[in-house]
1. Quick check on the range 197-232: of everything there that is of a type in the set (Asp, Glu) and either open to solvent by 50 Å² or more (accessible area, probe 1.4 Å) or under 21 Å from residue 306 (Cβ atoms) (or both), which residue is farthest from the chain's Cα centre (by Cα)?
2. Look through 395, 405 and report the one residue that is assigned to a helix (DSSP H, G or I), closer than 20 Å to residue 195 by Cα and open to solvent by 20 Å² or more (accessible area, probe 1.4 Å).
3. Among (1) without any contact (Cβ under 8 Å) to a residue 60 or more places away in the chain; (2) in the same structural domain as residue 188 (by the TED database); (3) of a type in the set (A, V, I, L, M), where does residue 342 come up short?
4. Hey, could you check the range 343-352 for residues that are part of a loop (DSSP other than H, G, I, E, B) and out of contact with any helix residue (DSSP H, G or I) (no Cβ under 7 Å at 6 or more places or on another chain) and say which is nearest to residue 281 (Cα to Cα)?
5. Which members of the range 236-287 meet the condition of being of a type in the set (S, T, N, Q), over 19 Å from residue 178 (Cα atoms) and assigned to a helix (DSSP H, G or I)?
6. Evaluate the range 81-92: report whether one residue or more is at pLDDT 65 or above and under 24 Å from the mean Cα position of the chain (by Cα).
7. May I ask you to list the residues in the range 342-392 that are among the aromatic types (Phe, Trp, Tyr), over 30 Å from residue 322 (Cα atoms) and open to solvent by less than 20 Å² (accessible area, probe 1.4 Å)?
8. Looking for whichever is under 29 Å from residue 50 (Cα atoms), at pLDDT 90 or above and either more than 12 Å from the chain's Cα centre (by Cα) or outside the structural domain of residue 70 (by the TED database) (or both) here; the options are 148, 135. Which one fits?
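The values are calculated or read from the model by the stated rules, or taken from the named source; none is laboratory data. All values reported here derive from a predicted model rather than from experimental measurement. Here Cβ is always computed from backbone atoms with ideal geometry, including for glycine, and neighbour counts include all displayed protein chains. Surface accessibility is based on the protein's heavy atoms, side chains included, excluding ligands, DNA and RNA. Shrake-Rupley method; radii C 1.70, N 1.55, O 1.52, S 1.80 Å.
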Amino acid sequence: MSGYSPMFLVILSVVVGFTIRWFLFKTGLIHTIRIRFPRVVDWFHVYQFLKVPEFNETNMQRNNLHRKVSLYLHSLPSIEDADYTNLITANDQSDIVLRLDPNQTIEDRFLGARLYWFNQKTEPNRISSFVLQIRKTDKRRILRQYLRHIDTIADEMNNQSKRHLRLFMNAGAGGGTRWRSVPFNHPATFETMAMEKDLKNKIKSDLESFLKAKQYYRKLGRAWKRSYLLYGASGTGKSSFVAAMANFLRYDVYDVDLSKIRGDSDLKFLLTETTAKSVILVEDLDRFMEPESETATAVTASGIQSFMDGIVSACCGEERVMVFTMNSKECVDPNLLRPGRVDVHIHFPVCDFSAFKTLASSYLGVREHKLFAQVEDIFRHGATLSPAEISELMIANRNSPSRAIKSVIGALQSDGEGRRSYADSIGRRIEGDDVDEAPCGGDGFSTVKDLRKFYGFFKLRNPRRTSQQSNSSPHDR
């Protein structure tokens, strides 16, 4: 060493020092030591493990504490330090959030204590559990306060995301959670519904009264729930009405598919997995209740009745609205729809003139038009179309209100001759020069001639249908 000058040794030590410092920070070794060293210290402490399962083992009902712990943990900054996290989109599709991967550990600190949460999922059912690791010396001191802290934070987060509704759909047979969800972003409201104003106001008043009636239901000894039957032909707005109801109540929607249910007990189990503040929807119930129905389901009529007003419905149906839809209730056992099982029956008829005006206002932005008198006269003579059919005609010609209304007039006039000919009759009957021209490149048809060409092309693409009509007897025509 005597051969090296002091200046060289100083420079060498500085270079070596900077090299080691660079190595430690650039390779993340310092970060690893900061994480692992407390774990080494933890080996000298006695820990207790507390498990928060996704379902209560006694009745297999969803554990509300598990949901709150999940909300709380995913709000912690330390989730970014987990070895594996999932990047997913939030309710706002422009936001990206982190979600803890299964079998990962996240650290939390509370009142000077260090706590660890482990996200545990069991195979093959993928049932989730959160396991809390806490020192025994800290358990008595902070555990109750810590759980209250989690409850408070989760409630605050839940209130902040209260406006983000979810649509739940039941999965097929199999273990684990049976509901899958997506954001519920349906834009329907009562204001956009083509429905009589008086009926609409009565329904809104009934729902508002239900929201305020918790103590009244308790006083009567009844479950705080309400049930509705929506019946009418397809395309009359039953599904949109359910969406408007959910948006009005700010309730999640549980869409029950009876064809995926294994039996009566499975249907009850699904009900226990629903949450409060929700609309439970069963669509096309009449298809499953008809004696010679081709729609397969393992659920019996008595199982449906128990689902409506049985003991499980009374115990697990609090603060819920049940909605059943049918095309017709004529072939359904009246006992299934008696008061107590269904509180309110709402008929959805085909479109009338009042509903037409509502649709014209919503789809075309038109409240009054000189063709309205002609439309009203056609409705008065018994012509009918469903709101779905009228709305599709308006959407196709939305750039020209006059053309849209004339297309509706043509379809209404063809109603008496049969729906099969209404495509031809639109081109044949819509005449005159009172047609608003659509901008170049706009939607819809710019001229009656274009409209005729379109439906001519439509006929050429359907030779089977044309040949069937030509082979039909004069009596059929």
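1. 198
2. Result: 395 is the single residue among 395, 405 that is assigned to a helix (DSSP H, G or I), closer than 20 Å to residue 195 by Cα and open to solvent by 20 Å² or more (accessible area, probe 1.4 Å).
3. If we test residue 342 against (1) without any contact (Cβ under 8 Å) to a residue 60 or more places away in the chain; (2) in the same structural domain as residue 188 (by the TED database); (3) of a type in the set (A, V, I, L, M), just (1) comes out false.
4. Once the filter is applied, the top-ranked residue is 343.
5. Within the range 236-287, 239, 240, 247 meet the criteria.
6. No, the conditions are met nowhere in the range 81-92.
7. 372
8. The unique qualifying residue is 148.
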